[in-house]
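Here the structure comes first, spelled out in structure tokens, and everything after it is commentary.
Quick note: the coordinates plus some simple rules give every number you see, no bench work behind them. Only a predicted model underlies this, so the values are computations on that prediction, with no experimental measurement involved. Cβ atoms come from the backbone with ideal geometry, glycine included; neighbour counts cover every protein chain shown.
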Amino acid sequence: MNRSKIHRLLQSKNPLEQVLINGWVRTRRNSKDFSFIEVNDGSCLKNIQIIAPSSLPNYGDIQRITTGSSVSIAGSLVPSQGKGQSWEIVATQISVIGPAPETFPLQKKRHSDEFLRTIAHLRPRTNKYSAVFRIRSELSYAIHTFFRDRGFRYIHSPIITGSDCEGAGEMFRVTTLDIHNPSLREKKLNAEQDFFGKEASLTVSGQLSAEMFALALGDVYTFGPTFRAENSNTRRHAAEFWMIEPEMAFCDLAGNMNLGEELLRYLIHHVLRECPEDMALFGNFVDKTLMDTLHHIVSSEFVRLSYSEAVEILKKSKVSFEYPVNYGIDLQSEHEKFLTETHFKKPVILHDYPKTIKPFYMRLNADQQTVAAMDILVPGIGEIVGGSQREERLEVLENRMDEMGLFKENYWWYIDSRRYGSAPHSGFGMGFERLIMMVTGISNIRDVIPFPRTPGNIDF
RNA sequence: UCCCCAGUAGCUCAGUCGGUAGAGCAAGUGGCUGUUAACCACUUUGUCCGCGGUUCGAGUCCGUGCUGGGGAGCCA
């Protein structure tokens with residue numbers, strides 16, 4: 001007999017004579033002539049109720065099945081006589097595959113997120129975390145669908161990079177040199193002896209690679225792991241996270257903003273439609289306002305505002321910020337929060353920032369003072385997307401790099417793309433975990449990634 | 001890295017004015033029962049985060065370290 005997923009059985013239109021399920025026991029209750037066992041197999045949020053009649057040969061063992069045990073159950077799917085579920089399985093055969101002794105840490109009660117983080121290997125067996133990771137999977141699928149439908153190609157940009165300064169943050173060094181080897185230590189380690197013959201790091205962004213491919217395949221995107229060695233200790237930062245980076249040739253800043261807005265709306269719409277049960281859990285137990293917030297985001301246009309307009313609004317707001325607002329200074333978290341959560345109460349796309357606070361690759365505007373940058377800010381999360389139109393003019397790019405004191409030799413290939421058939425192009429990076437946080441209402445990034453990596457924490 | 005808060009039973013937490021520790025859940029035993037995080041009764045469980053100090057006496061006060069959380073910066 002083939003194993004059925006509980007998700008399918010619960011959607012059944014008719015009783016089924018012979019079914020087989022495998023899964024993990026969530027709870028068990030004894031009754032007079034039988035035992036109720038609730039089994040979850042991860043295929044959906046719901047458990048299926050098993051009726052284990054006392055006539056089963058191993059009924060004695062069945063009455064001692066503990067929460068967390070894995071079981072295999074054969075029987076028939078019948079309409080439930082009790083309230084609370086439409087189908088249940090009357091078992092004809094039950095076997096315990098792997099028992100869970102009483103030290104099993106997950107109880108039939110609510111646990112704190114902090115405790116569950118200490119047992120990250122077991123937390124996907126809870127309702128909330130299984131829902132998070134089903135949604136994470138569904139969002140990944142939707143991202144590929146979104147881009148494929150629009151003719152984008154998926155590019156696998158390298159994880160290990162030799163570009164020693166991509167400008168997006170501190171990098172993790174990659175080396176095969178043995179720091180425990182005293183002879184090498186005495187000789188002083190140097191990169192020429194190393195695997196690649198020069199310094200190598202984990203990527204902080206696939207953008208530069210994606211630009212090269214956009215200038216060949218037209219519209220491309222990357223979707224992969226990204227690494228930042230910043231000593232960030234916040235609920236919004238991880239040392240290893242996933243990022244989606246579309247890059248479009250012959251596309252300006254407005255087109256870039258359109259794509260970012262369209263992508264966010266599409267993804268929210270997708271999970272609301274495809275994962276209603278899991279989403280209801282977050283709406284009920286994580287954030288009561290989640291559904292209203294998401295429907296609002298899907299149905300209303302994002303606000304588009306230039307940096308200087310934003311500065312004006314903040315100055316006129318009469319709110320006493322801890323950090324004063326002034327043109328030329330990057331906006332602080334409290335300012336972004338005011339715009340998205342108090343003033344507009346919806347996502348805001350800020351664009352055209354002063355060039356002094358943005359990286360070299362962003363396209364210089366005609367005013368010579370601002371660059372064609374854009375950030376999408378959402379309530380509760382802050383920056384979820386950061387992007388720009390790229391500087392496609394060779395001389396302007398080289399001047400900018402000189403101004404900012406970069407070693408152009410390290411970027412020879414990047415600059416080369418502006419020498420041969422250069423074209424206007426734009427793109428952005430979207431933090432995948434921040435997207436999941438927005439969609440689920442979960443407030444800590446450590447709870448939306450299977451095994452989070454943060455400063456001082458690499459267990460599991 | 002900086003600022004603030006917390007750390008007590010397996011989990012979630014209470015512990016008053018400084019007088020050496022408690023509840024619910026879990027676990028164990030028995031009962032009841034088409035039950036719904038079942039219910040009822042009884043039972044077990046402590047490096048009060050570590051180290052040092054003040055005190056006749058510290059879970060409680062002070063110092064320090066560690067761990068966790070929130071905020072800031074960096075950003076996605």
Under the rule rounded for a/c under 1.5, else prolate if a/b exceeds b/c, else oblate, using alpha carbon gyration tensor axes a ≥ b ≥ c, the range A:243-369 is classed as oblate
Partners for residue A:198 among lysines (Cα-Cα distance below 23 Å; same-chain residues under 8 apart left out) | A:187, A:188, A:408
Counting Lys +1, Arg +1, Asp -1, Glu -1, what net charge surrounds residue A:400 among other residues with beta carbon under 9 Å of its beta carbon?
-> -3
Å³ per residue enclosed by the Cα convex hull of chain A = 200
Compactness of the range A:45-203 - radius of gyration and Dmax, Cα, Å = 26.5, 78
Using a simple spin-label model with points 7 Å from Cα along the Cα→Cβ vector, what separation in nm is obtained for residue A:92 and residue A:272?
-> 4.6
Using label points projected 7 Å from each Cα along Cα→Cβ, tell me how many nm separate residue A:63 and residue A:323, to one decimal.
-> 6.6
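Once the piece of chain linking residue A:284 and residue A:55 is laid out straight, how much longer is it, given 0.36 nm per residue of separation minus the C-alpha distance between them?
78.4 nm
For every other residue with a beta carbon closer than 14 angstrom to the beta carbon of residue A:155, add +1 if it is Lys or Arg and -1 if Asp or Glu, then tell me the sum. Could the numbers behind the result be given before it?
Working: positive: A:148, A:153; negative: A:211, A:219, A:245, A:247.
So the surrounding residues net to -2.
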Distance between the range A:385-460 and the range A:80-124 - C-alpha centres, whole angstrom | 41
Where in the range A:286-307 is the amide nitrogen less than 16 Å from a point lying 7 Å along the Cα-to-Cβ axis of residue A:341?
-> A:287-290, A:293-294
Taking H as built 1.01 Å from N, whose amide H comes closer than 5 Å to the amide H of residue A:243, not counting residues under 5 places away?
-> A:224, A:226, A:432
Normalized C-alpha radius of gyration of the range A:6-98, against 2.2 N^0.38 Å?
-> 0.97
Name the residues whose placed amide hydrogens come within less than 5 Å of the amide hydrogen of residue A:172, ignoring near sequence neighbours (fewer than 5 apart) on the same chain.
-> A:202, A:229
Those lysines that a straight Cα-Cα span of less than 20 Å connects to residue A:46, excepting residues fewer than 8 apart in one chain | A:5, A:13, A:83, A:108, A:109, A:128
Under a no-solvent Debye model with one identical scatterer per Cα of the range A:369-452, what's log10 I(q)/I(0) at q = 0.13, 0.22, 0.27 Å⁻¹?
-> -0.62, -0.98, -1.30
Kindly state, to the nearest 0.05, the FRET efficiency for residue A:309 paired with residue A:175, given R0 = 51 Å and r defined as their beta-carbon distance.
-> 0.65
